[in-house]
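In what follows, a single structure is set out as structure tokens and then discussed.
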Amino acid sequence: MLHTDWRNLPTDAQGLVLALGNFDGVHRGHAHLLHAAHAARPDAQLGVLTFEPHPRSLFRPDDPPFRLSPSAQRAEYLAKLGVQHVIEIAFDAAFAALSAEEFVGQILHQAAHAVHIACGADFAFGHRRGGNVAFLEERAESFGIGLSIVPQLADESGPISSSRIRRALQDGYPERAAALLGRPWVISGEVAHGDKLGRTIGFPTANIALGQYLEPSRGVYAVRARLPDGRTIPGVANIGRRPTVAETMESRLEAHLFDFSEDLYGQIVDVALIGFLRAEQKFASFDALKQQILSDAEAARSLLAVTL
């Protein structure tokens, strides 16, 4: 269950084991942290205390969108990992001004009545990141709150982190991102009306704005789309500014679903990036683009046929 008012938490959202962090992407490292939190107090319900928007949005507002999983999607992924309550704190200027002492005393102790907390060794909090794990250990003990400082999960290339996943996506390696996430990376959004050019060549597309999502490498991807009714449909998608047709300022995702002709306008569709096929490019003519789209579709079908 998602709770957005930490000052008025219901009784069932108090007395939890709380894992602390941003949890953007809810990757394998986050699952490792949650497992450690649960193992420390298996008798208590498991919760997450996180922030919305991501603190980076407040401190670096001019940065381009960078999220791996917006709020609703993050809560969905956390629930699948056994999290029963997500306490989402509004990260604004007033909250950022809270001292480390106030964060522990007012939020973790007085509001949440946490029985145990878990975080990574680099967790920092409070005004100007004034609190670290040493401070947290000292203050948590004074309030009778248990603490687990959990080492980062790593593979042969180093620690698993949200920033590493972002780099993999921006470099055009969705399969590397999937290995770190523990599942393919998904862009979820409402299907909107486009210019319907794809229909004229037999390739209608579901158009989804990237919104808060990180923009991955621009180009063409083999994808699998999950519809609201649970069906999964293979397809091919372009992410970019469409330089051949009518270049726009904002990138968007346009997914063509194979052997599918139903109306999806206004519905929420989850599009998983499975493989990167080619970079975005400008073609000399619409006919040249059409031929490339046909080739891209065949390449996507082939890749998806051998990719679980």
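The values are calculated or read from the model by the stated rules, or taken from the named source; none is laboratory data. The structure presented is a predicted model; accordingly, all values stated were derived computationally and were not measured. A quick note on method: Cβ atoms are made from the backbone with ideal geometry, for glycine too, and the neighbour counts reach across all protein chains shown.
Please go through the range 13-60 and pick out each residue that is surrounded by fewer than 15 Cβ atoms within 10 Å (Cβ to Cβ), modelled with pLDDT of 95 or more and part of a helix (DSSP H, G or I).
Selection gives 39 alone.
For the structure I just gave you, tell me whether residue 117 is touching a helix residue (DSSP H, G or I) at 6+ places or on another chain (Cβ under 8 Å) and in a strand (DSSP E or B).
Yes; evaluated as a whole, the condition is true for this residue.
In the range 62-72, is there at least one residue being touching a Lys or Arg at 6+ places or on another chain (Cβ under 8 Å), in the same structural domain as residue 150 (by TED's automatic domain parsing) and crowded, with 18+ Cβ neighbours inside 10 Å?
So far as the range 62-72 goes, yes, one or more of its residues are touching a Lys or Arg at 6+ places or on another chain (Cβ under 8 Å), in the same structural domain as residue 150 (by TED's automatic domain parsing) and crowded, with 18+ Cβ neighbours inside 10 Å.
Residues to consider are 90, 94; find the one that is in contact with a strand residue (DSSP E or B) (Cβ under 9 Å, 6 or more places away or on another chain), surrounded by fewer than 16 Cβ atoms within 10 Å (Cβ to Cβ) and over 20 Å from residue 187 (Cβ atoms).
Sole residue among the options that is in contact with a strand residue (DSSP E or B) (Cβ under 9 Å, 6 or more places away or on another chain), surrounded by fewer than 16 Cβ atoms within 10 Å (Cβ to Cβ) and over 20 Å from residue 187 (Cβ atoms): 90.
Among the residues of the range 73-97, write down those that are among the hydrophobic types (A, V, I, L, M, F, W, C) and part of a strand (DSSP E or B).
Those that are among the hydrophobic types (A, V, I, L, M, F, W, C) and part of a strand (DSSP E or B): 86, 87, 89, 90.
Quick one: which residue in 264, 273, 277 is in a loop (DSSP other than H, G, I, E, B), in contact with a strand residue (DSSP E or B) (Cβ under 6 Å, 6 or more places away or on another chain), in the same structural domain as residue 212 (by TED's automatic domain parsing) and surrounded by 11 or more Cβ atoms within 10 Å (Cβ to Cβ)?
Checking each option against the conditions leaves just 264.
For the range 62-83, check the following and say yes or no: at least one residue is within 25 Å of residue 144 (Cβ to Cβ) and in contact with a strand residue (DSSP E or B) (Cβ under 8 Å, 6 or more places away or on another chain).
Within the range 62-83, one or more residues are within 25 Å of residue 144 (Cβ to Cβ) and in contact with a strand residue (DSSP E or B) (Cβ under 8 Å, 6 or more places away or on another chain).
Could you say which residue among 139, 167 is of a type in the set (Lys, Arg) and farther than 23 Å from residue 13 by Cα?
167
If I filter the range 98-108 for residues that are crowded, with 16+ Cβ neighbours inside 10 Å and in a strand (DSSP E or B), do I get at least one hit?
No - not one qualifying residue is present in the range 98-108.
Within the range 133-154, is even one residue in contact with a helix residue (DSSP H, G or I) (Cβ under 7 Å, 6 or more places away or on another chain) and among the basic types (Lys, Arg)?
Yes, the range 133-154 contains at least one residue that is in contact with a helix residue (DSSP H, G or I) (Cβ under 7 Å, 6 or more places away or on another chain) and among the basic types (Lys, Arg).
Take the residues of the range 131-164 that are part of a helix (DSSP H, G or I), polar (S, T, N, Q) and over 25 Å from residue 110 (Cβ atoms): which is farthest from the chain's Cα centre (by Cα)?
Of everything passing the filter in the range 131-164, 163 is farthest from the chain's Cα centre (by Cα).
Just to be sure I understand, how many residues within the range 147-178 are buried (at least 16 other Cβ atoms within 10 Å of the Cβ), in the same structural domain as residue 34 (by TED's automatic domain parsing) and in contact with a strand residue (DSSP E or B) (Cβ under 6 Å, 6 or more places away or on another chain)?
Of the residues in the range 147-178, 3 are buried (at least 16 other Cβ atoms within 10 Å of the Cβ), in the same structural domain as residue 34 (by TED's automatic domain parsing) and in contact with a strand residue (DSSP E or B) (Cβ under 6 Å, 6 or more places away or on another chain).
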